[in-house]
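**Student:** Have a look at this one before I ask anything.
The values are calculated or read from the model by the stated rules, or taken from the named source; none is laboratory data. Since the structure is predicted, the reported quantities are computational estimates derived from the model, not experimental observations. So basically every Cβ, Gly included, is an ideal-geometry build from the backbone, and we count neighbours across all protein chains shown.
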Amino acid sequence: TENDSPFVYRDTATSRAGLAAVHRRFRGQRIVIVGLGGSGSYILDQVAKTEVDSILLIDGDTFDNHNAFRAPGAPTLKTLRERPTKASY
């Protein structure tokens, strides 16, 4: 129900996008994503919008300029200079 949702506002796009079955399947699950490069980062972006209980991220690679363009969002130059791991970014 809406009151059980962990989200701040009501999700009105899931049913229109045909993703209700995916959301129901992931609800309450624990998800592990190994690798946060070109595919894993977008999988994380989508999974984070479901009602999973937890997401464990595994990727020891450094988040650098040459792979930042594949990640959702735009990191600042300051962030890139700090060279965080992909999992911590």
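**Student:** Take residues that are under 24 Å from residue 4 (Cα atoms) and either out of contact with any strand residue (DSSP E or B) (no Cβ under 7 Å at 6 or more places or on another chain) or modelled with pLDDT of 90 or more (or both) and tell me which of the helices (runs of 4 or more DSSP H) falling wholly in the range 24-89 contain 1 or more.
**Tutor:** Qualifying helices (runs of 4 or more DSSP H): 40-47.
**Student:** Now a separate question. Considering only residues that are closer than 26 Å to residue 11 by Cβ and either surrounded by 13 or more Cβ atoms within 10 Å (Cβ to Cβ) or in contact (Cβ under 8 Å) with a residue 24 or more places away in the chain (or both), which ones fall in the range 47-86?
**Tutor:** Of everything in the range 47-86, those that are closer than 26 Å to residue 11 by Cβ and either surrounded by 13 or more Cβ atoms within 10 Å (Cβ to Cβ) or in contact (Cβ under 8 Å) with a residue 24 or more places away in the chain (or both) turn out to be 47, 49, 50, 51, 52, 53, 54, 55, 56, 57, 71, 72.
**Student:** What are the pairs, 6+ residues apart or on separate chains, where a residue within the range 7-23 that is in a loop (DSSP other than H, G, I, E, B) and surrounded by 12 or more Cβ atoms within 10 Å (Cβ to Cβ) has its Cβ under 6 Å from a residue that is of a type in the set (Gly, Ala, Ser) and at pLDDT 80 or above?
**Tutor:** If the second residue must be of a type in the set (Gly, Ala, Ser) and at pLDDT 80 or above, the pairs left are 14/20.
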